[in-house]
1. Quick one: what pairs do we get from region B:49-65, first residue on the phi > 0 side of the Ramachandran plot and open to solvent by 10 Å² or more (accessible area, probe 1.4 Å), second assigned to a loop (DSSP other than H, G, I, E, B) and acidic (D, E), C-beta under 9 Å, 6+ apart or different chains?
2. Are any residues in region B:117-135 aliphatic (A, V, I, L, M), surrounded by fewer than 21 Cβ atoms within 10 Å (Cβ to Cβ) and touching a Phe, Trp or Tyr at 6+ places or on another chain (Cβ under 7 Å), and if so, which ones?
3. Any idea how many residues of region A:25-47 are exposed (fewer than 15 other Cβ atoms within 10 Å of the Cβ), away from chain B (no Cβ under 14 Å) and either of a type in the set (A, V, I, L, M) or assigned to a helix (DSSP H, G or I) (or both)?
4. Only strands (runs of 3 or more DSSP E) wholly contained in region B:1-101 count here; list those with 3 or more residues that are under 21 Å from B:P541 (Cα atoms).
5. Return yes or no: is A:V227 open to solvent by 10 Å² or more (accessible area, probe 1.4 Å) and at pLDDT below 80?
6. Which members of region B:419-437 meet the condition of being surrounded by fewer than 23 Cβ atoms within 10 Å (Cβ to Cβ) and not in a loop (DSSP other than H, G, I, E, B)?
7. Just to check your reading of the model, which residue among B:G416, B:G409, B:G440, B:G395 is of a type in the set (G, A, S), touching a Lys or Arg at 6+ places or on another chain (Cβ under 6 Å) and open to solvent by less than 30 Å² (accessible area, probe 1.4 Å)?
Amino acid sequence: MELLGVIVGISLKALIFIIGMFLGAAYLTWIERKFAGHIQQRPGPLHVGYHGLLQPIADALKVLTKEDLVPDGVDKFLFYLASLMAFVPAIMILAVVPFGEPFNIFGLEIKPYITDLNIALILALAFGSISIYGVIFAGWASNSKYPMIGGLRKAAVLIGYEVALGFAMVGPIMQAGSFSLKEIVEAQSSYWFIIPNILGFVVILFAILAETGRTPFDVQEAEAELVSGYNTEYTAMKFGLFPLAEWYIATFVLSAIAVILFFGGWQPFPLLGWLPIPGIVWFFIKVFALFMFFLWVHWTLPRYRVDQITELAWKVMLPLALANIFIVALWVIIVG
Amino acid sequence: MQNHLCWIDEEKLKEIKNKFPEISIEKFPNATFIYISKERLKDLLKSLKDEFGFKMFIDFTCVDYPESENRFLGVYFLINPKDKQRVGVKCWATNETLPTITDLWKGAKWAEREAYDMFGVRFEGHENLVRMFLWEGYPYYPLRKDFPREGYKTEYLPSLNERNKDYPAHNYDPNHTPLPTLEDLERTQKARIKKKAQMVLNWGPLHPGTHGTIWFIFDMEGEEIKQCDIILGQLHRGIEKLAEELTYTQFIPYTDRMDYISALCSQVAYVNTVEKLLKVEPPPKAKWIRTMMCELQRINSHLLWLGTYALDIGALTIFLYTFREREKLMDIIEGIAGIRLNSSYIRIGGVSKDLPEGALDVIRHFIKDFPEKLKEYETILTKNRVWIRRNVNIGVITEEDVYQYGLTGVVARASGVPYDIRALQPTDAYDKVDFEIPLGTVGDCYDRYLVRMEEMRQSLNIIKQCVEELEKLKDDKYLATENPYVLPTLEEVYLSIESMVKDFNLRIYGEQAPEEEIYLSGENPRGELGFYVVSKGDGKPYRIKIRSGAFYNLQIFTELIKGRTVADAVVLLGSLDPVVGETDR
């Protein structure tokens with residue numbers, strides 16, 4: 001009976017998370033379009049609903065009802081699999097991301113996370129790596145030259161940044177002594193891990209930009225060079241899943257992980273702890289701030305060339321991440 | 001040494017005559033040609049290049065004289081950048097062949113291909129003499145005089161004919177001029193490039209990075225481009241052929257549609273040529289208006305370039321910022337000329353409309369406003385690390401390349417060659433305004449960017465002077481209607497019978513130009529736009545050859561891209577800034 005309760009509870013929670021993420025991602029598109037619009041001195045979506053608030057729903061309906069074309073000569077199995085491969089792992093990272101402390105409603109303890117694994121961070125990294133296959137499969141299965149170049153570019157970029165990302169995450173782990181994201185947050189109750197980990201945070205910022213394919217690292221779909229990159233041959237919802245997964249869900253989830261690692265997760269801002277704001281709100285404030293930072297970068301900068309990106313990854317980011325480990329090790333020995 | 005670009009002087013001609021006694025010299029008020037036989041052509045050109053300093057290749061074309069014994073006449077234009085002199089060399093193509101000069105000037109490669117495409121003149125020794133604009137297998141040579149303007153209608157196209165029965169109205173011709181089939185296109189592609197590396201990527205003709213319908217073929221090893229060729233002609237409309245059946249005034253709207261981004265500059269360049277030919281002197285007010293409009297158009301064009309260039313490199317936001325300003329310019333141009341893009345505003349002998357009331361105020365406001373916006377673009381881009389990494393040392397063009405390929409405009413100036421027609425051969429009011437010619441040092445994409453940015457400032461400076469001057473000339477005439485070659489205004493046509501007769505005559509019979517040849521050019525935002533007009537004394541030109549800056553500038557792309565990646569291709573193409581309407585004509 002208890003097992004059944006746990007299963008039902010987790011399934012319900014997973015459902016809420018997935019639906020929430022879907023809706024959230026839909027509205028992240030609205031936020032991005034509004035934000036980009038105002039950066040570019042235009043209003044952004046305006047006509048569907050109040051200030052375009054219903055625009056994401058209209059877009060979703062449009063994408064879902066479009067004709068689903070599959071070009072001749074594609075590898076059908078991989079072609080279909082690719083969009084799912086990009087999307088599903090990105091959303092699966094959510095399983096280990098804690099949004100706040102457990103709290104009680106009507107005597108029922110509710111944990112605002114699906115599961116608290118002791119290898120959570122490694123799992124998140126692993127899922128993150130899998131979602132890259134989506135892009136590579138899409139490029140390969142399309143049987144077309146532009147998608148293939150796009151997919152290969154993405155692979156080249158990711159090999160570099162996965163390494164840097166992994167090493168940059170070592171600092172907080174060393175300080176917290178755990179892979180569990182929940183425990184990492186709890187370890188930051190006195191001070192945030194950004195303090196000795198500033199280099200690691202810089203590396204993670206770059207790595208998130210590269211992993212999610214935002215400018216200056218959006219080489220895989222550089223529209224002026226490769227038409228649309230790896231998703232050139234895709235249509236309808238198969239196409240819609242790519243930007244949804246890459247630009248919104250992955251950016252959001254990776255921002256959440258960065259917040260957990262460096263900015264104390266749901267811990268309140270320093271000196272503002274007395275405010276009656278629940279931890280989950282603090283968490284979202286931080287995640288959104290980081291998310292908006294990525295949007296800001298995306299809509300301002302030009303893009304690097306792919307060889308310059310990999311050069312940056314191996315020659316700058318990896319040494320920085322290693323230096324970060326060294327600094328944190330000293331910090332742990334000296335401060336404790 | 002004179003300041004202005006002019007035609008070759010007596011001294012040099014005498015020296016050439018001493019060296020090549022068989023030449024004959026043909027002199028027109030605005031052009032000087034040296035006739036030479038086919039056998040001695042290469043020697044003459046070589047000595048002109050090496051000994052007389054005519055090292056810059058400007059243009060090559062053919063003229064068809066069906067009655068003549070050797071039907072085709074090849075015409076070469078060269079420039080001596082040191083002494084600022086032009087020379088034309090003419091040579092009869094006996095047996096429809098000419099020796100190639102691609103070993104002297106690499107820039108002649110495409111010009112010779114164009115001549116082959118349009119006239120069927122063969123060039124001995126040309127490395128790959130294939131069609132320039134038309135597809136392989138097209139049986140005719142369109143610029144020959146015996147080719148009808150509407151083409152040979154040989155093909156029955158079911159897609160155009162099997163429609164609703166009501167559709168074809170009277171005089172409907174079921175046959176059409178042939179279109180290239182897929183096999184034709186494949187053959188065209190195969191003729192341009194032989195695959196050597198891993199894969200052949202068709203970049204274009206419809207691709208967001210190509211700024212129009214240019215078809216690039218990249219032979220790539222990974223992402224590195226080993227060899228490249230360009231197929232032009234998707235926008236080829238045969239403007240030069242059309243010109244032969246139009247009067248001089250009727251051709252003005254066609255010049256708009258060549259470089260549609262800087263239509264006013266093209267009009268001014270063309271109208272100046274025709275005015276020199278007809279010896280029409282526009283009133284000073286019209287000259288100042290033209291100069292002002294040209295510079296407005298130049299800023300407009302450079303803004304579009306900046307926006308799309310940044311867009312190519314991934315900076316999406318600059319595009320909308322530049323279009324914000326461009327929109328204001330468009331409104332100004334619309335307010336003055338009546339039309340935003342293809343305005344046909346310039347007329348032989350002046351401009352078509354007077355400045356409307358308040359136009360100068362709006363422009364003055366724009367002048368005040370614009371430097372701030374320019375600074376805004378520069379803040380985002382000039383010192384941006386990503387921008388610098390993408391631009392510096394990409395596509396370095398040396399001074400030698402400029403002369404070899406006949407590069408003009410910003411591309412030449414960024415390489416340190418002070419070649420600016422506005423200063424070299426001032427038309428309109430350019431000799432009365434004060435401006436500087438920004439020069440680059442390295443000749444890479446970053447220099448071209450900086451030069452264009454600085455050019456916008458200089459243009460603004462010129463506009464400021466024009467506005468001040470136009471303020472004084474408020475009540476002057478804007479059209480020299482007293483001249484017999486200038487179309488009268490509408491009011492004059494309605495009010496006086498003489499004007500009506502003149503209007504009728506000019507519209508029906510055209511401007512009866514003297515039997516003369518002329519080559520004159522204007523400084524387009526994309527380079528030197530030259531018009532070589534051959535007049536036989538009719539109301540229509542016998543031949544107009546348009547020397548397009550973009551066409552020659554684009555030619556060096558295939559050289560610069562070798563060993564670079566697709567990502568650099570967009571940067572390079574953007575910085576060369578071709579407009580397909582002008583390259584294809």
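1. Close Cβ pairs (under 9 Å, with a partner that is assigned to a loop (DSSP other than H, G, I, E, B) and acidic (D, E)) amount to B:G53/B:D83.
2. B:L129
3. Step one: list which residues in region A:25-47 are exposed (fewer than 15 other Cβ atoms within 10 Å of the Cβ), which gives A:38, A:41-43, A:46-47.
In the following step, the residues that additionally are away from chain B (no Cβ under 14 Å) were identified as A:46-47.
Of the ones still in play, those that are also either of a type in the set (A, V, I, L, M) or assigned to a helix (DSSP H, G or I) (or both) are A:46.
Final tally of qualifying residues: 1.
4. Working: elements: B:24-28, B:31-36, B:56-64, B:72-80, B:85-93, B:97-99.
Once the strands (runs of 3 or more DSSP E) in region B:1-101 are filtered for at least 3 residues that are under 21 Å from B:P541 (Cα atoms), what remains is B:24-28, B:31-36, B:56-64, B:72-80, B:85-93.
5. Working: open to solvent by 10 Å² or more (accessible area, probe 1.4 Å): yes; at pLDDT below 80: yes.
When the stated conditions are applied, A:V227 passes them.
6. Result: B:R422, B:A423, B:L424.
7. Values: B:G416 fails: touching a Lys or Arg at 6+ places or on another chain (Cβ under 6 Å); B:G440 fails: touching a Lys or Arg at 6+ places or on another chain (Cβ under 6 Å); B:G395 fails: touching a Lys or Arg at 6+ places or on another chain (Cβ under 6 Å).
None of the other options fit; the residue is B:G409.
One line per residue, one yes/no per condition, for (1) hydroxyl-bearing (S, T, Y); (2) modelled with pLDDT under 85; (3) buried (at least 20 other Cβ atoms within 10 Å of the Cβ); (4) assigned by TED's automatic domain parsing to the domain that holds B:K375:
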site	(1), (2), (3), (4)
B:Y449	yes, no, yes, yes
B:R457	no, no, no, yes
B:I462	no, no, yes, yes
B:E528	no, no, yes, yes
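The values are calculated or read from the model by the stated rules, or taken from the named source; none is laboratory data. Remember, it's a predicted structure, so these values are computed and weren't measured experimentally. In this analysis, Cβ positions are derived from the backbone assuming ideal geometry, glycine residues included, and neighbour counts consider all displayed protein chains. These accessible areas exclude ligands, DNA and RNA; they are computed on the full protein's heavy atoms, side chains included. Shrake-Rupley method; radii C 1.70, N 1.55, O 1.52, S 1.80 Å.
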